[in-house]
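Heads up, the thing below is written out as structure tokens.
The values are calculated or read from the model by the stated rules, or taken from the named source; none is laboratory data. As the structure is a prediction and not an experimental result, all values here were calculated from the model. All Cβ positions, even for glycine, are placed from backbone atoms using ideal geometry, and neighbour counts span all protein chains on display.
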Amino acid sequence: MVDGYSRLIDYLRISITDRCNLRCRYCMPNDLDLIPHSQILRYEEILRICAISANLGIRRIKVTGGEPLVRKGCLGFLKRLKAVDGIESISITTNGILLEPCVQAISEMGLDCVNISLDTLNPAVFAELSGMDALNLVLNSLHAALRAGLRVKVNCVLMRGINDGEILAIAELAEKYPVDVRFIELMPSEFGQEFIRFSGDEALSIIAHRFPGLKPESSFHGSGPAKYFTSPELLGSIGFIDAIGNCFCEGCNRIRLTSAGFLKLCLSHGDGLDLRAMLRSGATDIEMERAIEEAVRWKPKRHIFNEAQSVYMRMSQIGG
Ligand code: SAM
Ligand code: SF4
């Protein structure tokens, strides 16, 4: 699909649940009012939307949450998703808590990549930030995923005064292991706005000092907004997703489906399409195709974070 600004939209992020087993303070700090199960899309409904989207040119899908692995049947769903015609790449974003026992199955079904969120390597900071003393589970999952031969990306959201002292320690994961470590600028979501952003540019200058051979990667790498850097000292690479510091909306290629079936055109705008209402009122595939195409035509030009009209984002519902 091509939107009203000639951007090719071929990437869909799907949040399959708003539930999570962690309580990250910048995302879901407490037991928020959750979406009733009856309003969450069933796997069959999500798969139907994926097949329709594939017909429209969606080629890559990311499964996210809340925490996707807390939803019963997630692995079976991933396997069925893998079989949808036209979808070339499927990845999952997880907090890693429940990942270790799943890595073998994930590797066997041929998932293209596992993104593991890891904001700190300090067990006490992890417990404080996420509400669970479980850093070891995440690290075990990371190692298990690497042993299983999965492609692994580590996502780290930087917050001033919380984990900015660990930038080098986290970047060094890409020195020790063949992982892509991505530093993500904190976005002003519902709870993210209570923390102070640490810019990607600042993180880059700290890392470049430690790895003098660091160079922007010239070849195509990944399907998203991350800018990657490599160095002979690294087994993996280091990426930056700095939505605020360096707006990358010009090259945006994505749309998002929330667990409640709302097709969201941009993170910071409320506009979108209620696909659940269409699914449950008997719309045909052709009607849904047309509606999605039409909605995508109205995808906003850029995000409006920090502007008055920005809608509050509950990341655990949208999936990041
Ligand atoms: N539970 C899974 C996880 O943590 O990876 C998937 C869902 S989580 C919402 C997806 C990503 O969004 C995580 O990497 C998380 O750190 C990130 N995230 C949440 N709130 C954010 C914010 N305000 N700004 C930037 N990233 C955020
Ligand atoms: Fe859960 Fe992921 Fe949000 Fe943390 S960032 S509360 S793990 S959804």
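Across region 133-172, which residue is nearest to ligand 1 (Cβ to nearest atom) among those that are among the small types (G, A, S) and surrounded by fewer than 18 Cβ atoms within 10 Å (Cβ to Cβ)?
Going residue by residue through region 133-172, those that are among the small types (G, A, S) are 134, 141, 144-145, 148-149, 161, 165, 169, 171.
Subset that is surrounded by fewer than 18 Cβ atoms within 10 Å (Cβ to Cβ): 148-149, 161, 165, 169.
Values: A148: 18, G149: 21, G161: 16, G165: 18, A169: 17 Å.
Among those residues, the one meeting the criterion is G161.
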Q: Could you grab the pairs with beta carbons closer than 9 Å, sequence gap of 6+ or different chains, first residue in region 4-25 and farther than 30 Å from G161 by Cα and of a type outside the set (D, E, K, R), second one in a loop (DSSP other than H, G, I, E, B) and near ligand 1 (Cβ under 10 Å from one of its atoms)?
A: I14/G319; I16/G65; I16/G66; I16/G319; T17/G65; T17/G66; T17/E67
Q) Would a scan of region 275-282 turn up a residue that is surrounded by fewer than 16 Cβ atoms within 10 Å (Cβ to Cβ), of a type in the set (S, T, Y) and modelled with pLDDT of 95 or more? A) yes
Q: Please specify each residue of region 240-261 satisfying the condition of being within 16 Å of M187 (Cβ to Cβ) and part of a strand (DSSP E or B).
A: F240, I241, R254, R256
Q: Would you check if there is a residue in region 303-312 being out of contact with any strand residue (DSSP E or B) (no Cβ under 8 Å at 6 or more places or on another chain) and modelled with pLDDT of 90 or more?
A: no
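Just for region 173-206: of the residues that are near ligand 1 (Cβ under 10 Å from one of its atoms) and of a type in the set (K, R), which one is surrounded by the fewest Cβ atoms within 10 Å (Cβ to Cβ)? Steps first, answer last, please.
Restricting attention to region 173-206, the residues satisfying the condition of being near ligand 1 (Cβ under 10 Å from one of its atoms) are 182, 184-195, 197.
Narrowing further to those that are of a type in the set (K, R): 182, 197.
On the way: R182: 24, R197: 20.
Step by step, filter region 173-206, then rank; the result is R197.
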